[in-house]
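Student: What follows is a single structure, and I will ask about it in a moment.
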Amino acid sequence: MSGDPTEHAQDPPMSDVSRETKAPEVSRETSFSVRTAADLAAYDPEFDEDQTPLAAAAQRSVFVRQGIQRQPAPRPEATRVFVVANQKGGVGKTTSTVNIAAALCELGQRVLVVDLDPQGNASTALNIEHRQGTLGTYEVLVDGMALVDVIQSCPDNEGLDVVPATIDLAGAEIELVSVVAREGRLKKAIQAHPLVGSAESIGDERYDYVLIDCPPSLGLLTLNALVAGAEMMIPIQAEYYALEGLGQLLATVDMVRAHLNPDLAVSTIVLTMYDARTRLAAGVAQEVREHFGDQVLKTAIPRSVRVSEAPSYGQTVMTYDPASPGALSYLEAAREIATRGRLS
């Protein structure tokens, strides 16, 4: 090793994020010239240069998030109803539902989350009471109760309301079999809500988005969601097995479109648990983008411990660790959804 005192004269500027502190990639293909949270933050000139690289990277991430918050997204002219579904479990369906809902609220939107999974994981992540006997989606579907009578407000996100799911919902599949027009009960309930509709008829108090979190199956509960929604969001894990069974899901969508809900469109595909270090993730992402085109969000959600930890504290990653790459990615994904409108 040389002892030349001029050897380090050309040290890189502090604005360069060190290899050790660089955040995981947000996406391999975006419309931006940068791809990571740290890269995005490096464009902010206000950070303090007299600190460690790790602290600098963290501060840059905070600057980025604050910049995003200062730019609210345009509100849609009428309520957009999304069905978040994938019959394969463990692909980030509920995680994407609650985090995109929270991110949309941070972008100035009013959101209603309908938890249609008997496990109630979305209710847990949003810190909503859902013990057995709590009024929720079971009472709406089976007893015909109005949504306004079962809604709870999320304590951590202003503008975010939730219809909780309890274990009682597990029996709804059987109880609905003999009910007339059983596939349309959720749609009827959502359309009857006084805050669901157009800006012209309701005004600023309207819900901008309704996100329906489905169970990992293609039963009557998911069918109710597919009939109720106008748009479908499919989270796809960036692994090979995640692609298996996707054909069955799309066949079900075609059946629903042909017989029950002609307005249903697969408008949004979100890649989750993306690990840019693996060729497999890149290959799956490329295959999904080639097949679905512009329906795939340009922002992929990285594999993140923070995203996984948040529900155990009754929070989304947006409040648990707002400057983390996972939170920044969900903010960008929510902005994409809000700005590009419906894609059929």
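Student: Does Val253 meet the test of being closer than 21 Å to Ser329 by Cβ and surrounded by 12 or more Cβ atoms within 10 Å (Cβ to Cβ)?
Tutor: Working: closer than 21 Å to Ser329 by Cβ: no; surrounded by 12 or more Cβ atoms within 10 Å (Cβ to Cβ): yes.
For Val253, the condition - closer than 21 Å to Ser329 by Cβ and surrounded by 12 or more Cβ atoms within 10 Å (Cβ to Cβ) - is not met.
Student: Right, here's the next one. Look at Ser329 and say whether it is among the polar types (S, T, N, Q), part of a helix (DSSP H, G or I) and without any contact (Cβ under 8 Å) to a residue 40 or more places away in the chain.
Tutor: Values: among the polar types (S, T, N, Q): yes; part of a helix (DSSP H, G or I): yes; without any contact (Cβ under 8 Å) to a residue 40 or more places away in the chain: no.
Criteria not met by Ser329.
Student: Filter region 179-231 for residues that are assigned to a loop (DSSP other than H, G, I, E, B) and among the β-branched types (Val, Ile, Thr); which is nearest to Val270 (Cα to Cα)? Step through it out loud before you land on a result.
Tutor: Step one: list which residues in region 179-231 are assigned to a loop (DSSP other than H, G, I, E, B), which gives 179-181, 193-197, 203-208, 214-219, 229-230.
Narrowing the set further to residues that are among the β-branched types (Val, Ile, Thr) leaves 179-180, 196.
Numbers: Val179: 34, Val180: 35, Val196: 25 Å.
My answer is Val196.
Student: Moving on to the next point. Scan region 125-135 and give yes if some residue there is part of a loop (DSSP other than H, G, I, E, B), at pLDDT 95 or above and not aliphatic (A, V, I, L, M), otherwise no.
Tutor: Within region 125-135 (the criterion being part of a loop (DSSP other than H, G, I, E, B), at pLDDT 95 or above and not aliphatic (A, V, I, L, M)), the answer is no, since none of the residues qualifies.
Student: Out of everything in region 137-178 that is β-branched (Val, Ile, Thr) and either in a helix (DSSP H, G or I) or free of Cβ contacts under 8 Å to residues at least 12 places away in the same chain (or both), what residue ends up being farthest from Ala101 (Cα to Cα)? Reasoning before the result, please.
Tutor: Within region 137-178, the first condition is being β-branched (Val, Ile, Thr), and the residues that meet it are 137, 140, 142, 148, 150-151, 162-163, 166-167, 174, 177.
Among the residues that remain, those that are also either in a helix (DSSP H, G or I) or free of Cβ contacts under 8 Å to residues at least 12 places away in the same chain (or both) are: 137, 140, 142, 148, 167, 174.
Values: Thr137: 18, Val140: 21, Val142: 26, Val148: 19, Ile167: 23, Ile174: 30 Å.
Here the residue is Ile174.
Student: Report yes if some residue within region 292-314 is out of contact with any helix residue (DSSP H, G or I) (no Cβ under 7 Å at 6 or more places or on another chain), crowded, with 22+ Cβ neighbours inside 10 Å and farther than 18 Å from Val83 by Cβ; otherwise report no.
Tutor: no
Student: If a residue must be more than 11 Å from the chain's Cα centre (by Cα), farther than 20 Å from Gln295 by Cα and among the hydrophobic types (A, V, I, L, M, F, W, C), how many such residues does region 76-112 contain?
Tutor: So the answer is 5.
Student: Here's a follow-up. Return a yes/no flag: does region 320-335 have any residue that is surrounded by fewer than 22 Cβ atoms within 10 Å (Cβ to Cβ), modelled with pLDDT of 90 or more, within 23 Å of Val113 (Cβ to Cβ) and hydrophobic (A, V, I, L, M, F, W, C).
Tutor: The answer is no; no qualifying residue exists.
Student: Every residue in region 77-106 that is at pLDDT 95 or above and part of a loop (DSSP other than H, G, I, E, B), please.
Tutor: Once the filter is applied, which keeps residues that are at pLDDT 95 or above and part of a loop (DSSP other than H, G, I, E, B), region 77-106 yields only Thr79.
Student: In addition: Out of Ala300, Ala282, Ala276, which single residue is touching a residue at least 60 places away in the same chain (Cβ under 8 Å) and assigned to a helix (DSSP H, G or I)? Talk me through it step by step, then tell me what you get.
Tutor: Numbers: Ala300 fails: assigned to a helix (DSSP H, G or I); Ala276 fails: assigned to a helix (DSSP H, G or I).
Only one candidate passes the filter, namely Ala282.
The values are calculated or read from the model by the stated rules, or taken from the named source; none is laboratory data. Because the structure is predicted, anything quoted here is derived from the model rather than measured. As a convention, Cβ positions derive from the backbone with ideal geometry for all residues, glycine included, and neighbour counts pool all protein chains shown.
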